[in-house]
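The values are calculated or read from the model by the stated rules, or taken from the named source; none is laboratory data. What you see is a predicted model; the values in this text were computed from it and never measured. Note: ideal-geometry Cβ built from the backbone for every residue, glycine included; neighbour counts use all protein chains shown.
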């Protein structure tokens, strides 16, 4: 396929995803149709089916992009600091800050859903959650390996590493929920510092 056609397809896909995200944010996932997305980019609905077979597939693509942006921001923050403790701290703070930035989008997705739609949506959320956990876990695993190799952390086997990662991500998930419920983002720094110190206390040599 000529390069110009590939570029054109990339542009159209970008338009589709940006338009879909805006519509999902304003109206919620349930109320948006393929016709709405097509109209938003000035194309017929049949044009969308060349790129995506359904609204669910478009939503998955939008969420994959959101997840990718979050992980890129976390990885960038981690790369900016030298020690394991600082990297874990940067990981946690970056994740919470990104979620704060994106929460308005996430909070509107289930608007107008009936019980069946919510049930289906919850299954989709589980899939996305598991994907996030897997990718974040891989990044944390790299941090732990880095710490063991440079002598900052005690030696752990794979099972122990996986357990530490699960506990850390679960703790972070709980913190996120409480911070969002209380709408108190000013305490992100002190709370994450406490969590990081607790984790490091159990992992240092």
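What the table shows:
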read-out	value
Matching residues in segment 16-48 - criterion: being farther than 23 Å from residue 116 by Cα and exposed (fewer than 13 other Cβ atoms within 10 Å of the Cβ)	42, 44, 46
Residue tally, condition closer than 25 Å to residue 121 by Cα and without any contact (Cβ under 8 Å) to a residue 60 or more places away in the chain, over segment 5-40	19
Residue within segment 4-12 that is within 22 Å of residue 109 (Cα to Cα) and part of a helix (DSSP H, G or I) present	no
Residue 126 being in a helix (DSSP H, G or I), surrounded by 15 or more Cβ atoms within 10 Å (Cβ to Cβ) and either under 20 Å from the mean Cα position of the chain (by Cα) or free of Cβ contacts under 8 Å to residues at least 40 places away in the same chain (or both)	no
Conditions (1) under 20 Å from the mean Cα position of the chain (by Cα); (2) loosely packed, with under 12 Cβ neighbours inside 10 Å; number of the one not met by residue 119	(1)
Residue in segment 152-168 that is modelled with pLDDT of 90 or more, under 19 Å from the mean Cα position of the chain (by Cα) and surrounded by 14 or more Cβ atoms within 10 Å (Cβ to Cβ) present	yes
Segments classed as helices (runs of 4 or more DSSP H), wholly inside segment 18-122, with at least 1 members that are at pLDDT 95 or above and either within 30 Å of residue 145 (Cα to Cα) or out of contact with any helix residue (DSSP H, G or I) (no Cβ under 6 Å at 6 or more places or on another chain) (or both)	34-40, 55-79, 84-107
All positions within segment 169-205 that are in a loop (DSSP other than H, G, I, E, B) and more than 21 Å from the chain's Cα centre (by Cα)	205
